[in-house]
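The values are calculated or read from the model by the stated rules, or taken from the named source; none is laboratory data. It should be emphasised that the depicted structure is a prediction, and the values quoted were computed from it without experimental measurement. Note that each Cβ is placed from the backbone with ideal geometry, even for glycine, and that neighbours are counted across all protein chains shown.
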């Protein structure tokens, strides 16, 4: 139904981080079946298995509102993953099939669940993913604000007499001796 080129028109991921090869079933705003064939000579790391499932979920969430460019279309953000269960590793040469179900979509926030299989064996269960879209500007502003707060906290800690800078009753430059 959908190959890599069609998937690239929907989500912003690109090789080597594009981790969905095919979509074989898509029922708009309801469910999707997508897959990844593992290449190389090592098992697929569990973190990349979860990332691959998340990308399949993003194809379901955004298929009718493509977002191939994060600078203009927004950035997908995984807010919450809950009740994650991993099964056996996915080995080189195997194809993992992701089943994703959309439970709810509210504006740009989606609630999805699902599983991943190699053959009939469950290799991943996702109890819930809450994902959202954010503009690049809002994320940059959040990062800038967080960076300023971290610097202010570091400056406060480095100040002579600050409780974090006092070691054995003498003020230091913030480095414990």
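Of the candidates 100, 96, the single residue that is in the same structural domain as residue 14 (by TED's automatic domain parsing), under 16 Å from residue 18 (Cβ atoms), touching a helix residue (DSSP H, G or I) at 6+ places or on another chain (Cβ under 9 Å) and touching a residue at least 60 places away in the same chain (Cβ under 8 Å) is 96. Of all residues assigned to the stretch 89-106, at least one qualifies as being out of contact with any strand residue (DSSP E or B) (no Cβ under 9 Å at 6 or more places or on another chain) and in a strand (DSSP E or B). Say whether the condition of being over 19 Å from residue 124 (Cβ atoms) and surrounded by fewer than 21 Cβ atoms within 10 Å (Cβ to Cβ) is met by at least one residue in the stretch 16-23. Scanning the stretch 16-23 turns up at least one residue that is over 19 Å from residue 124 (Cβ atoms) and surrounded by fewer than 21 Cβ atoms within 10 Å (Cβ to Cβ).
Taking residue 65 as the residue in question, decide whether it is surrounded by fewer than 15 Cβ atoms within 10 Å (Cβ to Cβ), over 14 Å from residue 115 (Cα atoms) and within 19 Å of the chain's Cα centre (by Cα). For residue 65, the condition - surrounded by fewer than 15 Cβ atoms within 10 Å (Cβ to Cβ), over 14 Å from residue 115 (Cα atoms) and within 19 Å of the chain's Cα centre (by Cα) - is met.
For first residues located in the stretch 107-120 and surrounded by 23 or more Cβ atoms within 10 Å (Cβ to Cβ), partners that are in a loop (DSSP other than H, G, I, E, B) and lie 6+ apart or on another chain with Cβ distances below 9 Å form the pairs 116/87. Return a yes/no flag: does the stretch 35-57 have any residue that is under 27 Å from residue 106 (Cβ atoms) and in contact with a helix residue (DSSP H, G or I) (Cβ under 6 Å, 6 or more places away or on another chain). Within the stretch 35-57 (the criterion being under 27 Å from residue 106 (Cβ atoms) and in contact with a helix residue (DSSP H, G or I) (Cβ under 6 Å, 6 or more places away or on another chain)), the answer is no, since none of the residues qualifies. Filtered by the rule that a residue be within 30 Å of residue 72 (Cβ to Cβ) and either part of a strand (DSSP E or B) or over 18 Å from the mean Cα position of the chain (by Cα) (or both), the stretch 114-137 gives 114, 126, 128, 129, 130, 131, 132, 133, 134, 137.
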